[in-house]
Amino acid sequence: MAGDLEINALEVVYHDIVQVLRGVSLRVPAGSVTSLLGTNGAGKTTTLRAISGLLGAENGRVVGGSVRYRQREIQSLPGTGVARAGVVMVPEGRRVFKHLTVEDNLRAGAALGKGHWKTDLEQMYTFFPKLRGLKDRQAGYLSGGEQQMLAIGRALMTHPEVLLLDEPSLGLAPMLVAEIFDNIRRINHETGLSVLVVEQNANVALHNSDYGYVMEGGRIVLEGRSSELVDNPEVKEFYLGVTEHGQRKNFRDVKSYKRRKRWM
């Protein structure tokens with residue numbers, strides 16, 4: 001049974017010089033979808049890399065705090081160890097094996113899986129029906145949305161208990177974004193999979209998650225139930241660009257822009 005993923009006072013530096021995370025604390029309750037919002041450079045991807053044991057590839061390391069899953073500290077484990085513990089990341093940019101077929105990509109994910117790959121494969125085609133008709137096509141010829149479905153499906157073949165998604169909507173048309181998030185919610189509801197999704201698209205993330213955190217400058221600056229954050233005046237004005245009267249404004253038109261730079 002899955003447990004809560006807990007990040008406590010996490011601090012990360014790159015090249016032993018640049019501090020990116022400054023005491024980040026957040027929790028992903030078992031069976032929930034949690035969103036982590038923020039602009040470029042806020043520290044969102046670094047948070048996911050720290051959780052998933054992938055900081056070393058970027059010359060980064062955890063210098064303080066902890067990442068705990070099932071009451072076990074995992075921040076010192078390599079990426080394969082974190083994945084075997086049940087926490088798996090789908091990185092930004094999809095990164096499928098472009099010269100392999102769709103089905104071979106999915107089977108590659110089964111290398112860390114705990115079930116029967118043929119049964120798991122059929123389940124992936126149930127979650128992502130578009131992939132069934134494309135199973136013999138090279139992944140490099142898929143659309144961006146199809147590649148994103150494949151990347152998520154490949155991760156699910158490992159039987160994760162917690163799925164980390166880095167910018168799943170990046171570069172996709174609105175209809176495809178809606179489809180991807182519908183799939184995420186369906187998988188969450190049907191399997192109980194816990195999800196931590198990093199997003200710049202605050203609107204879609206908050207409407208498809210249970211709880212949300214907002215990052216700025218390597219810190220968590222706001223958190224709450226997603227339904228509350230959607231209606232939060234500051235989030236509307238500074239993140240969604242909507243005033244208290246429901247008008248959409250350019251951020252630089254907001255009178256308090258220079259005084260309060262949050263989420264800009």
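Every number in this text was worked out from the coordinates using simple rules, so none of it is lab data. Because the structure is predicted, anything quoted here is derived from the model rather than measured. Don't worry about glycine lacking a Cβ; one is built from the backbone with ideal geometry, like all the others, and counts go over all protein chains shown.
In summary, the aspartates and glutamates within cross-link reach of Lys98, defined as a Cα separation below 20 angstrom excluding same-chain residues under 8 places away, comprise Asp136, Glu146, Asp166, Glu167. Ordering Val62, Ala151, Leu165 by the projection of their Cα atoms onto the charge dipole of the chain, which places +1 on the Cβ of Lys and Arg and -1 on the Cβ of Asp and Glu, puts Val62 at the extreme positive end. For the chain, the longest principal axis of the Cα atoms and the long axis of helix 174-191 meet at an angle of about 70 degrees. For Val18, the shell of other residues with beta-carbons less than 13 Å away shows a net charge of -1, using +1 for Lys and Arg and -1 for Asp and Glu.
What the Cβ-Cβ distance of Ala108 and Asp4 gives, at R0 = 41 Å and to the nearest 0.05, is a FRET efficiency of 0.90. Proximity of backbone amide H atoms, modeled 1.01 Å from N, is registered between Glu92 and Asp166 at under 5 Å, excluding neighbours fewer than 5 places apart on the same chain. Karplus-based coupling profile of region 157-164, in residue order and whole Hz: 5, 7, 6, x, 9, 10, 10, 9, with θ = phi - 60° in 6.51 cos²θ - 1.76 cosθ + 1.60 and x standing for Gly or Pro. Based on DSSP H segments of at least four residues, each scored -39500 (n - 2.57), the chain has a per-residue ellipticity at 222 nm of -8500 deg cm²/dmol. The residue list Gly218, Ala42, His116 was ranked by how far each Cα lies along the charge dipole of region 5-231 toward its positive end, using unit charges on Cβ atoms, and His116 comes out on top. Charge tally around Leu55: other residues with Cβ under 9 Å, Lys/Arg +1 each, Asp/Glu -1 each, net +1. Within the shell of other residues whose beta carbon sits under 12 angstrom from the beta carbon of Ser143, the net charge comes to +1, with Lys and Arg scored +1 and Asp and Glu -1.
For a test of the definition: using alpha carbon positions, the gyration tensor, and the 1.5 limit on a/c, classify region 5-231 as rounded, prolate or oblate. The shape class here is prolate.
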